[in-house]
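Heads up, the thing below is written out as structure tokens.
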Amino acid sequence: MTITRLALAGLLASTALGSAFGADMTIPIKAPPAPVETPFFLVNDTSIIYYHAFNATDPGVNTTPKEVLEINHFDVWKYGTNFFDIQGLQSNHRDPTIPCTPAQKCLGAVEVYALFRSTLGFNELTGTKMFSFGPLTNVSFEFGADANTENNPFAPEKKDVVAGLQFAFQLPYKGFLNVSPMWYKEWNHQGLSPIVGPPGSFPAGLGTNVTFHDTWDVEFVYGMPLGFLPPSIPLSILGFTNIHGPKGPDGFGAPTKTEVLSENHLNLDLGQMVAGTPKWLDLWVGYRYWFNKFGVNHNVVPFANESTWLAGITWHAITNNKVAPQFEAKPGSFFIINDNAFTYYHAFSATDPGVAVTPKEVLEYSHFDVWKFGTNFLDLQALQSHTHDPVSPCVATQGCLGAVEVYALFRSTLGFNELTGTKLFSYGPLTNISFQFGADANTENNPFAPEKKDIVAGLQFAFALPYKGYVNVAPMYYQEWNHEGLFPISTAAPFPAGFGNNANFHGTLDVEVVYGQPLGFLPESIPLSLLGFTNFHGSKGRDGFGGQTKPEVLSEHHLVLDFGKVVANRPKWIDLWVGYRYWHNKFGADATVVPFANESTALAGITWHAF
């Protein structure tokens with residue numbers, strides 16, 4: 001996957017930073033204004049992107065169009081920058097999920113790719129301009145990491161780290177060019193299911209873990225407005241080129257090759273053109289060329305060179321950019337509440353039905369906002385299992401890696417009180433009734449190779465609890481589509497090993513209950529609260545193996561300490577929490593037939609409300 005866009009529009013915006021304040025001291029009776037507090041993030045841009053890749057490739061498999069949903073965040077703070085990007089990439093049937101046979105009209109594989117880059121500027125760290133000269137504007141220490149997983153025949157589980165220097169140069173029309181020579185280290189899993197390629201092209205069913213050799217990495221990122229055009233044509237060019245050196249033999253013993261990935265966009269600032277709001281909505285077209293994709297030798301492996309056109313749209317959903325004032329975090333802004341949090345937690349005894357009990361390490365990003373007519377909630381989790389829940393294909397003698405799951409959830413409400421401008425839908429403890437809708441999606445590179453997609457819609461009833469608490473009850477319609485398969489390594493006796501099938505489940509009932517309750521009877525020095533949810537799904541018909549699904553109950557509860565308030569008098573900044581999760585008939589599997597279909601686990605985590 002790519003180092004996408006690197007929030008290039010946000011980088012461009014950073015050139016316009018500045019602040020000033022003052023007071024008229026000639027009038028003695030006029031008190032000077034309070035000093036303006038500098039925000040922690042000088043630039044803060046979070047974007048949601050959709051794009052279509054017309055002719056992407058998966059080396060050794062095929063060419064395929066890909067539909068891509070992406071979220072990225074870019075910020076500038078006192079000493080440097082941070083960038084985070086996560087993409088979900090849906091292939092078509094030519095790049096199939098596994099296990100599956102063509103007669104089953106295989107679903108396309110799903111990949112999830114995450115990337116992080118951070119810089120610490122030497123000018124900022126020294127408080128000087130020592131590292132600026134001519135077109136060179138700064139030198140920074142840059143570091144970061146990538147991770148991915150995909151439920152295709154190769155079952156990758158990439159993790160890498162990078163570190164080095166970034167040299168920032170100025171281009172005309174307030175453009176920029178960043179050049180970063182770095183050290184690169186990668187770990188991965190490489191496997192092939194029996195459906196891949198013609199006989200003999202790869203050792204079918206092979207799965208192995210790979211620790212690649214250290215190598216060099218050079219990353220170029222640029223952005224330049226086409227300032228010679230009239231202001232009525234707000235075009236810019238944005239792009240990047242990455243070069244990785246050879247990283248030693250791959251999982252099949254073949255030497256890797258130098259890899260080059262180059263992507264370039266022509267970007268139209270549609271928000272500026274149609275609404276006078278720059279850096280709000282962008283339309284773009286682009287081209288990507290990927291030589292020796294993933295370091296694979298294109299002279300040996302088919303489809304290892306990618307050449308594809310791209311077309312996309314970017315919404316800068318959350319930004320404090322001065323040129324987009326309607327989204328500034330102040331009274332009267334678009335978002336009345338806007339919370340973005342990063343969480344790490346450990347599940348001590350999670351399960352994977354039909355496979356094993358396993359601890360899981362979880363990284364999570366969540367966004368919650370309140371706007372004029374309702375609320376939005378987005379949650380993304382990456383869950384790393386222990387070796388008890390292995391990636392597949394893999395055999396135990398190779399020290400299998402644990403599987404990685406990625407789960408995404410979205411819920412949105414439209415409040416009837418807000419839509420009608422009344423309080424008609426409030427009575428006693430009932431504070432509102434809303435229309436609620438949403439969707440979920442997941443993928444995992446374990447023996448079942450799931451590829452879940454579901455939608456929900458119904459009503460939400462919001463009630464007030466003591467101490468400004470709440471409980472929301474949402475009865476909804478639920479419809480799920482999924483892929484279910486088993487590799488030969490699975491020992492789940494009720495299922496035919498190596499089987500894979502797509503499941504179009506029946507519509508069913510879904511009830512979601514969410515609550516939050518501050519423990520207001522405690523002293524203020526003990527800021528504890530209870531948070532949790534309980535979800536109930538009705539039976540959704542037969543699964544991919546022909547078994548009858550059962551009603552499913554998932555209940556999770558947390559005891560949360562507002563640690564930021566305790567140690568720094570900063571409420572809603574850092575939370576420490578412990579919790580418990582009970583999951584009955586997990587995924588609708590019958591716990592009386594399928595082993596490990598009931599989950600009972602303690603949880604412990606930390607949450608940073610970043611912005």
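General observations
- Unmet criterion (only one of (1) modelled with pLDDT under 85; (2) under 30 Å from LEU125 (Cα atoms)) for LYS105: (2)
Results for (1) more than 27 Å from LYS572 (Cβ to Cβ); (2) of a type in the set (D, E, K, R); (3) modelled with pLDDT under 95; (4) buried (at least 22 other Cβ atoms within 10 Å of the Cβ), shown as yes or no for each residue.
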residue	(1), (2), (3), (4)
GLN384	yes, no, yes, no
HIS388	yes, no, yes, no
PRO393	yes, no, yes, yes
THR413	no, no, no, yes
GLN436	no, no, no, yes
ASN445	yes, no, yes, yes
LYS452	yes, yes, yes, no
GLN460	no, no, no, yes
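Rundown of residues vs (1) surrounded by fewer than 17 Cβ atoms within 10 Å (Cβ to Cβ); (2) modelled with pLDDT of 95 or more, yes/no style:
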residue: LEU177; (1), (2): yes, yes
residue: SER180; (1), (2): no, yes
residue: SER193; (1), (2): no, no
residue: GLY197; (1), (2): yes, no
residue: PHE202; (1), (2): no, no
residue: GLU219; (1), (2): no, yes
residue: PRO234; (1), (2): no, yes
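- Of all residues in region 589-609, those being among the hydrophobic types (A, V, I, L, M, F, W, C) and either part of a strand (DSSP E or B) or not assigned by TED's automatic domain parsing to the domain that holds TRP481 (or both) number 5.
- Criterion violated by SER132 - all others in (1) in contact with a Cys (Cβ under 9 Å, 6 or more places away or on another chain); (2) at pLDDT 90 or above; (3) of a type in the set (Ser, Thr, Tyr) satisfied: (1)
- Residue ranges of strands (runs of 3 or more DSSP E) in region 215-315 with at least 1 members within 18 Å of THR57 (Cα to Cα): 235-244, 259-269, 281-291
- Matching entry among GLU405, GLU364 (being assigned by TED's automatic domain parsing to the domain that holds LYS586, under 25 Å from ASN535 (Cβ atoms) and crowded, with 18+ Cβ neighbours inside 10 Å): GLU405
- Criterion (among the polar types (S, T, N, Q) and within 23 Å of ALA109 (Cβ to Cβ)) met by exactly one of SER412, SER385: SER385
- Of residues in region 45-67 being among the small types (Gly, Ala, Ser) and in a strand (DSSP E or B), the one surrounded by the most Cβ atoms within 10 Å (Cβ to Cβ): ALA56
- The sole residue among LYS586, LYS550, LYS565 that is within 19 Å of PHE533 (Cβ to Cβ) and assigned by TED's automatic domain parsing to the domain that holds LEU363 is LYS586.
- Selection status of ARG570, over 15 Å from PRO527 (Cα atoms), among the charged types (D, E, K, R) and assigned by TED's automatic domain parsing to the domain that holds LYS360: no
The values are calculated or read from the model by the stated rules, or taken from the named source; none is laboratory data. Since we're looking at a predicted model, the values are computed, not measured. Every residue, glycine among them, receives a Cβ derived from its backbone with ideal geometry; neighbour counts consider all protein chains shown.
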